[in-house]
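The values are calculated or read from the model by the stated rules, or taken from the named source; none is laboratory data. Keep in mind that what you see is a predicted model, and the values were worked out from it rather than measured. Here Cβ is always computed from backbone atoms with ideal geometry, including for glycine, and neighbour counts include all displayed protein chains. Heads up: the accessible areas ignore ligands, DNA and RNA and are worked out on the full protein's heavy atoms, side chains in. Shrake-Rupley method; radii C 1.70, N 1.55, O 1.52, S 1.80 Å.
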Amino acid sequence: MQIDHSAEQPAAAAREPAMDGEPRFVLPQFGIFAQGTHAHHFLEFDLKPGWTAAEAVSVFRRLRTPDVSAGGVNLVIAFGADAWRDCAPSAAPPELERFAPVIGAEGRGAPATQHDAWLWISGAEPDVTWRSAHAAVRTVAPAASVAAEQQAFTYRGGRDITGFVDGTANPPVARAGEVALVPPGSPGEGGSHVLAMRWIHDLASFDALSVADQQRVFGRTKPDSVELAAGEKPPNAHIARVELTVAGKELEIFRRSVPYGTAVEHGLYFVAFSAERARYDRMLARMFGVSGDGVRDRLTDFSRPVSGAYYFAPSVNALDAVAGAD
């Protein structure tokens, strides 16, 4: 897969013994970790009748060709649970599942809009990412049709359009592989569980709050993203609900979310990568008030999800094995 390696990459490749006794590397899709891109294009696909999952994955693997990946763009290819398990059962984590609707408290929840494949193209400029997206759709057209499409962008140096810094709690890139990738020796090693959700913001209601009240919604200061002190941070603040600790250990995810939208409809395209799908289940349950404590994330008063899907981004090795690449 041709990508831009100019950004710092994590130490994410895992060694595995080969048949001849020499170690081989299990390579993740490094587009997961590529930094410094400002234009983004997300595509979701449904497989066409008559195509097996393995045949379709082989077609998606052709996206490494220069007409799709030229110009310094980064590509991440992921598949729904059914498609990936059908074509590579030994490389599918046992917990791989389709996204299920979240029925939350007070009418808040998340819909399931699961499709068969997901593609994230990121690059320096929107004309470059659009050109690559257009070529990608042509490449996979025999096997899959576009089910959803979203262009997105960075905003004010990495902020959400609410004005708050997004992804402050992300692990550093050098450690991101530990958080985002299935560990060596496990089914699906070097791959990553993907959560993709499109959220629509009610900016008019949010902007009507004072800055102090906005900060209590998020649990961080707006100018410099400093976490509020324990006595000042409400239990329903966003970061109080989504930053999870189990047995004294934080369950981290690697967020790569970006804003999107027009003057009329706008929000956040939430993207995250994790070594375990269950981390997302816990996070969403806490956000929507169904984790057992009855507390709902206050941010859901001002933002609502209109899509939700789980995908699996296999290692490059696993993609090559299904596609029969050398």
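Write out, first by first residue and then by second, each pair whose Cβ atoms fall under 9 Å of each other, whose residues are 6+ apart or on separate chains, and whose first residue, in segment 237-248, is within 7 Å of Gly219 (Cβ to Cβ) and without any contact (Cβ under 8 Å) to a residue 60 or more places away in the chain while the second is hydrophobic (A, V, I, L, M, F, W, C) and surrounded by fewer than 19 Cβ atoms within 10 Å (Cβ to Cβ).
Cβ pairs passing all conditions: Ala240/Val295.
Specify which of the listed residues (Pro142, Pro235) is of a type outside the set (Phe, Trp, Tyr) and either part of a strand (DSSP E or B) or over 29 Å from Pro314 (Cβ atoms) (or both). Before the answer, list the steps.
Details: Pro142 fails: either part of a strand (DSSP E or B) or over 29 Å from Pro314 (Cβ atoms) (or both).
Step by step, each of Pro142, Pro235 is checked, and only Pro235 is of a type outside the set (Phe, Trp, Tyr) and either part of a strand (DSSP E or B) or over 29 Å from Pro314 (Cβ atoms) (or both).
Pick out the one residue from Trp120, Trp199, Trp130 that is touching a Gly at 6+ places or on another chain (Cβ under 6 Å) and hydrophobic (A, V, I, L, M, F, W, C). Working first, answer last.
Working: Trp120 fails: touching a Gly at 6+ places or on another chain (Cβ under 6 Å); Trp130 fails: touching a Gly at 6+ places or on another chain (Cβ under 6 Å).
After ruling out the rest, the residue left standing is Trp199.
Scan segment 238-264 residue by residue and report those that are part of a loop (DSSP other than H, G, I, E, B) and either of a type outside the set (S, T, N, Q) or surrounded by 11 or more Cβ atoms within 10 Å (Cβ to Cβ) (or both). Let's see the steps before the verdict.
Applying the first criterion (part of a loop (DSSP other than H, G, I, E, B)) to segment 238-264 yields 243, 247-248, 252-253, 256-257, 262-264.
Glu243, Ala247, Gly248, Glu252, Ile253, Arg256, Ser257, Ala263, Val264, listed by residue number.
Output the residues belonging to segment 98-113 that are surrounded by 18 or more Cβ atoms within 10 Å (Cβ to Cβ) and either under 12 Å from Phe312 (Cα atoms) or among the aromatic types (Phe, Trp, Tyr) (or both).
Phe99
What number of residues within segment 114-131 are over 19 Å from Arg85 (Cα atoms) and either open to solvent by less than 60 Å² (accessible area, probe 1.4 Å) or not small (Gly, Ala, Ser) (or both)? Explain how you work it out, then say what you get.
Narrowing segment 114-131 to residues over 19 Å from Arg85 (Cα atoms): 120-131.
This time we only want the ones that are either open to solvent by less than 60 Å² (accessible area, probe 1.4 Å) or not small (Gly, Ala, Ser) (or both), so: 120-123, 125-131.
Count: 11.
Using beta carbons and a limit of 6 Å, which pairs, at least six apart or on different chains, have the first residue in segment 217-228 and at negative phi and polar (S, T, N, Q) and the second one modelled with pLDDT of 95 or more and buried (at least 16 other Cβ atoms within 10 Å of the Cβ)?
Going by the 6 Å Cβ cut-off, the qualifying pairs are Thr221/Gln215.
Of everything in segment 84-117 that's among the aliphatic types (A, V, I, L, M) and assigned to a loop (DSSP other than H, G, I, E, B), which residue is farthest from the chain's Cα centre (by Cα)?
Taking the candidates together, the pick is Ala88.
Every residue in segment 265-293 that is out of contact with any strand residue (DSSP E or B) (no Cβ under 8 Å at 6 or more places or on another chain), open to solvent by less than 60 Å² (accessible area, probe 1.4 Å) and outside any helix (DSSP H, G or I), please.
Correct list: Gly289, Ser291.
Can you find even one residue in segment 312-322 that is modelled with pLDDT of 95 or more, open to solvent by 60 Å² or more (accessible area, probe 1.4 Å) and assigned to a loop (DSSP other than H, G, I, E, B)?
no
The conditions are (1) under 27 Å from Val102 (Cα atoms); (2) in contact with a Pro (Cβ under 8 Å, 6 or more places away or on another chain); (3) open to solvent by 20 Å² or more (accessible area, probe 1.4 Å); (4) not in a loop (DSSP other than H, G, I, E, B), and Ile161 fails exactly one of them. Which is it?
For Ile161, the failing item is (4).
Within segment 164-204, which residues are farther than 25 Å from Glu276 by Cβ, open to solvent by less than 50 Å² (accessible area, probe 1.4 Å) and not β-branched (Val, Ile, Thr)?
Going through segment 164-204, the residues farther than 25 Å from Glu276 by Cβ turn out to be 164-165, 200-204.
If we keep only those that are open to solvent by less than 50 Å² (accessible area, probe 1.4 Å) as well, we get 164, 200-201, 203.
Once the filter is applied, which keeps residues that are farther than 25 Å from Glu276 by Cβ, open to solvent by less than 50 Å² (accessible area, probe 1.4 Å) and not β-branched (Val, Ile, Thr), segment 164-204 yields Phe164, His201, Leu203.
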